[in-house]
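A.B. asks: Here it is, the structure in full.
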Amino acid sequence: MGPCILLLVMCVGLVVADRKMTVAEKLKEDADLSQFLALLERNVVANTSLHYRQMTLFAPTNEAFQRYMGEMDDNLVLYHISNLATTLTNLDYAISSELDGNPPLWVTRRHDAMHDDIYVNNAKVFISRSYQSVNRNNKRQVLHVIDQVLQPLQPHGPGSVSSPVYSPNAYQFLEHSDVFNIGQHRLRSFRQKVNQLQKSKVFNAEGRHTFFIPVDEGFEPAARSDLIDEKVIDGHVIPHHVLFTHATPDAKEFETLAFGDNVKVIVSFSTTMNGKEEITYVKSNTVAGDAKHSRGVVLADIVRANIPVKNGVVHLIQRPLMVVDTTIINFLKAMKEKEDGPLCKFYEVLMDLGPNNQFYTELTLAKDITLFAPSNEAWAELSVQNIIRNHQKLKEILNLHLVRERLPMDAIIHNNMNQIYQAPTALPRKYLYFNILTRGQNQTLTVEGGGVNATVIQPNIAATNGFVHIIDRVLGVPYTTVFEKLKADPMLNITYNLGKRQMFNHQLNDMEHRYTYFVPRDHAWLKFQIRHPSAYKALFREDFGYFTKQILERHVIRAGRAYTVSDLKLLANETHPFVLPTSRDPLRLRVKESDKNYYVEWNGHWIHVFRPDVECTNGIIHVIDEPFVLESDIRATGASERLNLPFLVPVLSASYFLAKLFEN
């Protein structure tokens, strides 16, 4: 009997060793899930289900529990459990939880260039950690590890009156919002408008939708309530999409219910960092408006995000969407009052000039203006910090950001279609220049002023007296060398590529000298190509690099200082030319101003200065409409192209001389 018993024990041991670990055992083994396990073991229903039923568990990590700011009662675990075993493949649409009323857990699959992720409500599933097995009663179970604690919609604390409904939809939540735990926020004003305009069906609609509900504080001034009509209510609902903030790509646009024949409103999320804190905004963009609904963007803080309801998700926002009822200066004030607004630093800088400074007054009183406002991050640059201390320079820089007309982004794109669009700024004789970068269906607007190229990161914020475009740099405070500017500027590509010959461009990074560079823009070279195709082609040939370098040297002044066009105009007027030393020939120039444009006279020909005074850290670029090319340059380049040998003439001359020498 002894050997038989031993053999039986060994066989049982092998079976046990071969058996796959249950989900309960997996939870006990994983130290990173200890807080979830403790919560589960305290709940009788959850603990019983773990041992006797099929189920799916969504287990937050310990770090997720440390970040969790909501209430932690024993029933919270039931919102992380479903009574069906749902694998990764079958995670889709929604799953009923085991919490009272069986509120749904909303599933989002995010597929894009950077993501292939699954979210449950606002929590990301760690796909590689998902696990499935059967329990001791042979019931199938699935474990998904997630990065956030799932927070259900709950009534106020334990001593409060119970919720009149379990698993409310968006309208029931709005109607009974005072019962639920949503902090200090109140929703009475919006609720009254919804009922008054008989729009309850919008929030009662079955399916999966996203609802934005403004809190009472957002209805100040009181007149704002009068601007909310049926279309505005519809502009707060995105149908057929449940959009939790982390599961939704930034800037992805969704049509609202207010997307019809006349008025068209789209909504998107925007996330920024304030130090280590993540701030999420929602923005409505009325791309087509009417007499009651102004075109443009309205930006609102999400003051409480990701409230799950039976028919989707609710986000509480700081003010109503679509409603344009503030001036630009009041919009900036509101940004400052929130302290984490995307333009609070801009308002601080503005107020450093005094409460009644000229720029502040213009933003207050002007009727049709466009402000290109640098973001908070843009003001953090060291070079910008130094400028802020110089109030006179700061006034000039602020005026460089202001255009005295309404310029929504589509108007800029339209104006830029056939030529580079330039808009006069509030700073005399200074213009902004625009460029449109197109990638697939996306268009990005860049703006240049004072030598700085900035990207518009949030266009078309609407105000009663104009538009605000948020940009990522402060204009007029250079941060690139002449070389770096030449390389990055989309208007100067041809000159940059020509400068690669003979390493001509390298000197333009030198900080020991100051450069004044008359740079032909691409359009100027293309006109030259039409007139002189052979000469233009020769400029790019490797064996002609030395001659190309000679032509470029004629455009560059290297000295102890750089010259603005105003400096040159003082030195060289229309009657008295001024000679400047270049690396090649002395540059004899005259300068004139006509109809607010500058012209330089070179070699008897007046050339338009398309963009004067593009400031760089080691000099100034003047963008011109024609290159400084002599007739002799054209003849030489044309001849070399025809012969395919640029130095053939001097070589033949040398050969002839040697032949004559040997004859003697």
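A.B. asks: Using the reciprocal of the averaged 1/r over all distinct C-alpha pairs, how large is the Kirkwood radius of the range 455-500 in Å?
C.D. replies: Taking the inverse mean of 1/r over all distinct Cα pairs, the range 455-500 comes out at 13.1 Å.
A.B. asks: Roughly how compact is the chain, stated as its Cα Rg over 2.2 N^0.38 Å to two decimals?
C.D. replies: 1.32
A.B. asks: Next up: Too long at a 25 Å Cα-Cα cut-off: which of K199/K283; K367/K485; K252/K485; K487/K569; K393/K549?
C.D. replies: Where the Cα-Cα span goes over 25 Å, the pairs concerned are K367/K485; K252/K485; K487/K569; K393/K549.
A.B. asks: Please report, in Å, the Rg and the Dmax of the range 180-307, where both are computed over Cα atoms only.
C.D. replies: 14.6, 43
A.B. asks: Relative to the compact globular guide of 2.2 N^0.38 Å, what is the alpha carbon radius of gyration of the range 417-555, as a ratio?
C.D. replies: Normalised Cα radius of gyration, the range 417-555: 1.24.
A.B. asks: Still on this model: So what's the net charge close to K124: Lys and Arg +1, Asp and Glu -1, counting the other residues with Cβ under 12 Å from its Cβ?
C.D. replies: 0
A.B. asks: Now for a different question. In debye, nearest 20: dipole of the range 95-148 around its Cα centre with unit charges on the Cβ of K, R (+) and D, E (-)?
C.D. replies: 300
A.B. asks: May I ask for the longest run of the chain untouched by GluC sites (Glu not before Pro) that are loop-located per DSSP and have at most 15 neighbouring C-beta atoms (other than their own) within 10 Å?
C.D. replies: 72-205
A.B. asks: In addition: If amide H atoms are built 1.01 Å from N in the plane of the peptide, which residues on other chains or at least 5 residues away come under 5 Å of the amide H of D510?
C.D. replies: Sorted by chain and number, the residues that satisfy this come to none at all.
A.B. asks: Ok, one more. Please give the direction-averaged projected area of the C-alpha convex hull for the range 298-452, in square nanometres with one decimal.
C.D. replies: With every direction weighted equally, the projected area is 12.1 nm².
A.B. asks: Rounded to the nearest angstrom and ordered from largest down, what semi-axes does the equivalent ellipsoid of the range 43-109 get from its C-alpha gyration tensor (root of 5λ)?
C.D. replies: Equivalent ellipsoid of the range 43-109: 19, 16, 12 Å, largest first.
A.B. asks: Using helices alone, I'd like the mean residue ellipticity at 222 nm for the chain: each DSSP H run of four-plus residues gives -39500 (n - 2.57), total over residue count, nearest 500.
C.D. replies: The helix contribution divided over the chain gives -8500 deg cm²/dmol.
A.B. asks: Ignoring ligands, DNA and RNA, what percent of the 1.4 Å accessible area of the range 61-193 is carbon and sulfur?
C.D. replies: Ligands and nucleic acids excluded, carbon and sulfur reach 47 percent.
A.B. asks: With all distinct Cα pairs included, what does the Kirkwood hydrodynamic radius of the range 289-386 come out to in Å, to one decimal, could you say?
C.D. replies: So the Kirkwood estimate lands at 15.8 Å.
A.B. asks: Continuing with the same structure: What value in Å³ per residue do you get for the convex hull of the alpha-carbon atoms in the range 375-468?
C.D. replies: 123
A.B. asks: In Å and whole numbers, how far do the C-alpha atoms of the range 31-148 stretch along each principal axis, longest first?
C.D. replies: 43, 34, 31
A.B. asks: Sticking with this structure for a sec: Tell me whether the range 239-335 comes out rounded, prolate or oblate; compute the Cα gyration tensor, take square roots of the eigenvalues as a ≥ b ≥ c, and use a/c under 1.5 as the rounded threshold.
C.D. replies: Since a/c reaches 1.5 but b/c is at least a/b, the shape of the range 239-335 is classed as oblate.
A.B. asks: Could you give the Stokes-Einstein D for the range 242-283 in µm² per second, using the C-alpha Kirkwood radius, 10 °C, 1.306 mPa s?
C.D. replies: 137
A.B. asks: Label points 7 Å out from Cα along the Cβ direction at T438 and V45: separation in nm?
C.D. replies: 5.7
A.B. asks: Identify, among T444, G619, A380, the residue whose Cα sits farthest towards the positive end of the charge dipole of the chain, taking +1 on the Cβ of Lys and Arg and -1 on the Cβ of Asp and Glu, with the dipole about the Cα centre.
C.D. replies: G619
A.B. asks: Further, regarding this structure: Report ³J(HN,Hα) in whole Hz for each residue of the range 304-316, in order, from the Karplus equation J = 6.51 cos²θ - 1.76 cosθ + 1.60 where θ = phi - 60°; Gly and Pro get x.
C.D. replies: 8, 9, 6, 8, x, 10, 5, 10, x, 9, 10, 10, 7
A.B. asks: Show me the three semi-axes of the equivalent ellipsoid for the range 268-323, from the C-alpha gyration tensor (sqrt of 5 times each eigenvalue), largest first, rounded to whole Å.
C.D. replies: 23, 17, 8
A.B. asks: Got a sec to turn the phi values of the range 433-442 into Karplus ³J(HN,Hα) couplings, 6.51 cos²θ - 1.76 cosθ + 1.60 with θ = phi - 60°, whole Hz, x for Gly and Pro?
C.D. replies: Running phi through 6.51 cos²θ - 1.76 cosθ + 1.60 with θ = phi - 60° gives 10, 10, 9, 10, 9, 10, 10, x, 8, 8 Hz.
A.B. asks: What ratio of Cα Rg to 2.2 N^0.38 Å holds for the range 122-230?
C.D. replies: 1.50
A.B. asks: For the range 220-294, count all C-alpha to C-alpha pairs, find those more than 13 Å apart, and express that count as a whole percent of the total.
C.D. replies: The proportion of pairs with Cα distances above 13 Å equals 70 percent.
A.B. asks: At a threshold of 8 angstrom on Cα-Cα distance, excluding pairs fewer than six apart, so keeping six or more, what relative contact order does the range 344-423 reach in percent?
C.D. replies: Value for the range 344-423: 35 percent.
A.B. asks: Quick one: Debye curve from the C-alpha atoms of the range 475-529, no solvent, what's log10 I(q)/I(0) at q = 0.17, 0.31 Å⁻¹?
C.D. replies: Taking Cα atoms of the range 475-529 as identical point scatterers yields -0.56, -1.35.
A.B. asks: A further question follows. Which whole-Hz couplings ³J(HN,Hα) result when phi for each residue of the range 192-199 is put into the Karplus expression 6.51 cos²θ - 1.76 cosθ + 1.60, θ = phi - 60°, listed in order with x for Gly and Pro?
C.D. replies: Working through the residues one at a time gives 4, 5, 4, 6, 4, 8, 6, 10 Hz.
A.B. asks: Working only with C-alpha atoms, what are the Rg and Dmax values of the range 214-255, expressed in angstrom?
C.D. replies: 13.5, 36
A.B. asks: A follow-up question, please. Is the shape of the range 475-587 rounded, prolate or oblate, going by the alpha carbon gyration tensor and its root eigenvalues a ≥ b ≥ c, with a/c under 1.5 for rounded and a/b larger than b/c for prolate?
C.D. replies: prolate
A.B. asks: Can you give the % of DSSP beta bridges in the chain that are antiparallel, to the nearest 5?
C.D. replies: Of all bridge pairs located within the chain, approximately 80 percent are antiparallel.
A.B. asks: OK, next. Between H391 and H176, take the C-beta separation as r, use R0 = 60 Å, and let me know the FRET efficiency to the nearest 0.05.
C.D. replies: 0.65
A.B. asks: Around Y79, under 10 Å between beta carbons, what's the net of Lys plus Arg minus Asp minus Glu among the other residues?
C.D. replies: Residues near Y79 contribute -2 overall.
A.B. asks: How about the range 307-416: which trypsin sites (Lys or Arg not before Pro) there are in a DSSP loop, with at most 10 other Cβ atoms within 10 Å of their Cβ?
C.D. replies: Filter output for the range 307-416: K367, R389.
A.B. asks: Rg (Å, one decimal) plus Dmax (Å, integer) for the alpha carbons of the range 175-233?
C.D. replies: Over the range 175-233's Cα set, Rg and Dmax evaluate to 11.9, 35 Å.
A.B. asks: Then there's this: For the range 549-616, how big is Rg over Rh, using alpha carbon atoms and the Kirkwood form of Rh?
C.D. replies: Checking Rg against Rh, the ratio lands at 0.94.
A.B. asks: Please arrange K124, K20 by accessible surface area, largest first, computed with a 1.4 Å probe and ligands excluded.
C.D. replies: Of K124, K20, the descending order of accessible area is K20, K124.
A.B. asks: Another one. Relative to the present Cα-Cα distance, how much length would full extension add between D472 and N90 at 0.36 nm per residue of separation?
C.D. replies: Computed gain between D472 and N90 is 133.3 nm.
The values are calculated or read from the model by the stated rules, or taken from the named source; none is laboratory data. Since the model is a prediction, treat every value here as computed from it, not as a measurement. As a convention, Cβ positions derive from the backbone with ideal geometry for all residues, glycine included, and neighbour counts pool all protein chains shown. All accessible areas refer to the heavy atoms of the entire protein, side chains included, with ligands and DNA or RNA removed. Shrake-Rupley method; radii C 1.70, N 1.55, O 1.52, S 1.80 Å.
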